[in-house]
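Novice: Here's a structure for you.
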Amino acid sequence: MMPTIKDVKVSKPSEEEVAKCQSWPIWSCDISEFDWQYDQTETCLVLEGQVTVTDMDGTHSVTFGPGDMVVFPQGLECVWKVTAPVRKHYNFS
């Protein structure tokens with residue numbers, strides 16, 4: 001069964017988790033909207049910006065921003081809507 005937006009985990013990371021993320025690469029994106037598919041599980045720590053991610057059929061969405069740690073499951077297909085320019089540390093596993 002394909003994962004959905006309900007499988008995306010958003011949390012406030014511990015200081016240890018934040019420290020670990022500091023060595024990860026940084027991705028940034030201006031205000032935009034695009035389809036995305038996860039070939040691997042991605043964990044990211046949002047540094048700035050605002051994003052709403054929605055299921056392809058538009059039924060469910062999740063919004064996150066600065067200070068949020070977000071885990072996207074492998075196999076997820078979604079639409080990213082960046083409503084404020086975003087910068088995030090990211091790691092694939």
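Novice: Which one of these is of a type in the set (A, V, I, L, M) and surrounded by fewer than 19 Cβ atoms within 10 Å (Cβ to Cβ): VAL82, VAL53? Quick ask: steps written out before the conclusion?
Specialist: On the way: VAL53 fails: surrounded by fewer than 19 Cβ atoms within 10 Å (Cβ to Cβ).
The match here is VAL82.
Novice: Here's another thing I want to ask about it. Considering only residues that are in a loop (DSSP other than H, G, I, E, B) and either over 14 Å from LYS88 (Cβ atoms) or out of contact with any strand residue (DSSP E or B) (no Cβ under 8 Å at 6 or more places or on another chain) (or both), which ones fall in the stretch 9-27?
Specialist: Here is the first cut: in the stretch 9-27, the residues in a loop (DSSP other than H, G, I, E, B) are 12-14, 22-25.
LYS12, SER14, SER23, listed by residue number.
Novice: In the stretch 51-93, what count of residues is obtained for those that are over 17 Å from PRO3 (Cβ atoms) and of a type in the set (Phe, Trp, Tyr)? First the steps, then the outcome.
Specialist: Taking the stretch 51-93 first, the residues over 17 Å from PRO3 (Cβ atoms) are 51-52, 63, 65-69, 81-91.
With of a type in the set (Phe, Trp, Tyr) added as a condition, the list becomes 90.
Total meeting the criteria: 1.
Novice: Among residues belonging to the stretch 7-38 that are touching a residue at least 24 places away in the same chain (Cβ under 8 Å) and exposed (fewer than 10 other Cβ atoms within 10 Å of the Cβ), point out the one that is nearest to MET56 (Cα to Cα).
Specialist: In the first step, residues of the stretch 7-38 are kept if they are touching a residue at least 24 places away in the same chain (Cβ under 8 Å); the result is 7-13, 17-18, 21-22, 24-38.
The next check asks that each one be exposed (fewer than 10 other Cβ atoms within 10 Å of the Cβ); those that pass are 12, 22, 25, 30, 35.
Numbers: LYS12: 26, GLN22: 31, PRO25: 27, ASP30: 21, ASP35: 8 Å.
In this case the residue turns out to be ASP35.
Novice: When you look at GLN74, is it in contact (Cβ under 8 Å) with a residue 24 or more places away in the chain and either within 13 Å of SER28 (Cβ to Cβ) or within 11 Å of the chain's Cα centre (by Cα) (or both), yes or no?
Specialist: Details: in contact (Cβ under 8 Å) with a residue 24 or more places away in the chain: yes; either within 13 Å of SER28 (Cβ to Cβ) or within 11 Å of the chain's Cα centre (by Cα) (or both): no.
No.
Where a number appears in this text, it was derived from the coordinates with a stated rule and is not lab data. None of the values given here were measured: they were computed from a predicted structure. Virtual Cβ from ideal backbone geometry, glycine too; neighbours counted across all protein chains shown.
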